[in-house]
Amino acid sequence: MEGQVKQMRAWWKECSVYQGIISRVDYLSTLGVDIVWLSPIFKSPQLDMRLRSNTSSIGDVDLLRDMLHERGMKLALDLVLNQHEWFQKSRKSKNNPYRDWYIWKSAKFDADGNRCPPNNWQSHFQGSAWEYDEATDEYYLRLFCKEQPDLNWDNLAIRKAAHDVMRFWLDRKIDGFRIDVINFISKDPSFPDSSQRFLRGAEYYACGPRCHEYLQEIGAIIKEYVAFSVGEMPCVHDEKELIKAVAADRAELAMIFYFELMDLDHGVDGKFSPKARPLSELKTKVNKWQRFMYDNNGWNALYLENHDQPRASAHRSNFIYQGQEIGMTNVPIEWGMEDYKDIDCLNHWDIHKDSADEVSKSLFTKEYQKKSRDNAQTPMQWDDSPQAGFTTSSTPWMRVHDNYKDIKAASQVNDPTSVFHMYQLALEKRKEHKNILVYGESRLRVGR
């Protein structure tokens, strides 16, 4: 019944989030979204092709905030901390005040005297999770790119610095944060070797020993400002760990991105090996987490696309990634490896290109076209002008999709038969019937 609602109400539960901008604010208002989430805008090496050093100033962020607030929308930022000048200070010597802000370890040596990483943990972007630094003859931990060293959250000074960054933006009336792989902030302090086949080491840092302690510190700040938070929580399948992070009575995160749906097409050899994704399996996973969150007073962040995922063909999410609302597609199968920017893809190719046979190489490139993060990171297709209206530069940061003249926002906004209009209507109905579509109970009808 529409009047019978079990879940506690909160402003952010009723919002639809668009991951995408000052010149396009009216477009977003027309679409009907409630929160605009900016992917990282802060100064960065840009190695994962998501962060920029020249996209904005604080004044630009303030202006965007004001324009959104004037239209009844809110603004969320990516909370990015580890790509910071702190690291340059940390690497200068073994005894400087910033050394313990990151995770440094001495090398190991094999029987032949060859230098080896401190343990066998793997990077999420292929290869070792440790990077050797000649300056001090030690390794630092970086679970992703070498330009993304892991912070040592066990250090109170780091946590205070992180809290200061949050307060800086919340004091400027930013409405909340998306926090990258937040469940990786606590590691097993013994750093043991892993026996896992894939992502060796993840069992020692995905919801590590002090993870929830640190999340509660973050949650206390979010609660103080009546703000919004959503955290990525990959590599976790223990329901008890997930609900700890998002249960209303624990005040850690408002909602989480879980990854079981995104991993359904990962084959026996990992992400870039083929695997069918049966509808029955998709339905089972969706039902599992919808029921679990509802029954345990947690909250789902529903999504099928974001900056790390390929494009999807059907969506029922409250997170909408840029271009999803006009039906943007994966990169063309004809694109060569020289067109790809995704470091995960490129590292995988570098590892296998010389040893794989032609059949395997062809298989890899087909999987890249299906699963590469580049699929979601091609420039937004605004219109049919050069570079799809994304930039006035003759060379955008990444190649524009070949189909931009056919799939573009300009031709869809006023077309009642367009994908854009479908999303607009869906968001309108979600608000109109929020007791059912936001707070209502979800049950899978078998056979339907």
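Under a point spin-label approximation (7 Å from Cα along Cα-to-Cβ), what is the residue 444-residue 171 distance to one decimal in nm?
In this crude spin-label approximation the distance works out to 4.8 nm.
What is the stretch 339-410's relative contact order, in percent, from Cα pairs under 8 angstrom and six or more apart in sequence?
Numbers: 62 pairs, mean separation 20.1, N = 72.
Computed over the stretch 339-410, the figure is 28 percent.
Starting at 0 and stepping by 5 Å, how many percent of the alpha carbon pairs of the stretch 87-141 end up in each bin?
Bins of 5 Å from zero give 5, 20, 27, 21, 18, 8, 2, 0 percent of pairs.
When the Cα centres of the stretch 166-231 and the stretch 53-104 are compared, how far apart do they sit, in Å?
16
Need one number: nm distance between label points at residue 395 and residue 66, each 7 Å from Cα along Cα→Cβ, rounded to one decimal.
The two pseudo-label positions are separated by 3.7 nm.
Grab the Cα-Cα distance for residue 432 and residue 279, subtract it from 0.36 nm times how many residues apart they are, and report the gain in nm with one decimal. Could you put the intermediate results ahead of the total?
Working: separation 153, 0.36 × 153 = 55.08 nm, distance 2.92 nm.
Working it through step by step, the gained length comes to 52.2 nm.
Which residue, 122, 136, 107, has the largest displacement toward the positive end of the dipole of the stretch 87-141 when charges sit on each Cβ (Lys, Arg +1; Asp, Glu -1)?
Checked the options; the winner is 136.
Highest mean first, how do 225-235, 326-336, 351-361, 24-34 rank when packing is the count of other Cβ atoms within 10 Å averaged over residues? List each step's numbers first, then the result.
Numbers: 225-235: 21.0, 326-336: 16.5, 351-361: 10.6, 24-34: 18.5.
Highest-to-lowest ranking by the protection proxy: 225-235, 24-34, 326-336, 351-361.
Using R₀ = 35 Å, calculate the FRET efficiency as 1/(1 + (r/R₀)^6) where r is the Cβ-Cβ separation of residue 292 and residue 347; round to 0.05. Numbers along the way, then the final one.
On the way: r = 34 Å, r/R0 = 0.98.
Using R0 = 35 Å, I get an efficiency of 0.55.
Using the per-residue mean of other Cβ atoms lying within 10 Å as a proxy for protection, in what order, highest first, do the peptides 137-146, 178-187, 212-221, 160-169 fall?
Working: 137-146: 20.1, 178-187: 23.3, 212-221: 17.7, 160-169: 15.4.
My ranking of the peptides, most packed first, is 178-187, 137-146, 212-221, 160-169.
Above 38 Å lies some portion of the pair distances; for the chain, what is it as a whole percent of all C-alpha pairs? Don't skip to the end; give the middle numbers.
On the way: 23264 of 100128 pairs.
So the portion of pairs separated by more than 38 Å is 23 percent.
Okay, helix-only estimate at 222 nm for the chain: each DSSP H run of n ≥ 4 adds -39500 (n - 2.57), divide by all residues, round to 500 deg cm²/dmol; what do you get? Please report the intermediate quantities before stating the final value.
Values: 11 runs with 122 residues, N = 448.
Per the formula, -8500 deg cm²/dmol.
Can you tell me, using C-alpha contacts under 8 Å and at least 6 residues apart, the relative contact order of the stretch 97-158 as a whole percent?
On the way: 101 pairs, mean separation 21.0, N = 62.
Relative contact order of the stretch 97-158: 34 percent.
If you look at just the Cα atoms of the stretch 388-448, how large are its Rg and its Dmax in Å?
Calculated on Cα positions, Rg and Dmax stand at 18.2, 53 Å.
Which order do the peptides 395-408, 242-255 come out in when sorted by mean C-beta neighbours inside 10 angstrom, highest first? Mind showing how you got there, number by number?
On the way: 395-408: 15.9, 242-255: 19.4.
The peptides rank, most packed first, as 242-255, 395-408.
Which pairs, out of 105/160; 13/146; 108/244; 74/434, put more than 29 Å between their alpha-carbon atoms?
13/146; 108/244
All of the numbers you see were taken from the coordinates with simple rules; none came from a lab. Quick caveat, the model's predicted, so the values are computed rather than measured. Here the Cβ is made from the backbone with ideal geometry for all residues, glycine too, and neighbour counts use every protein chain on show.
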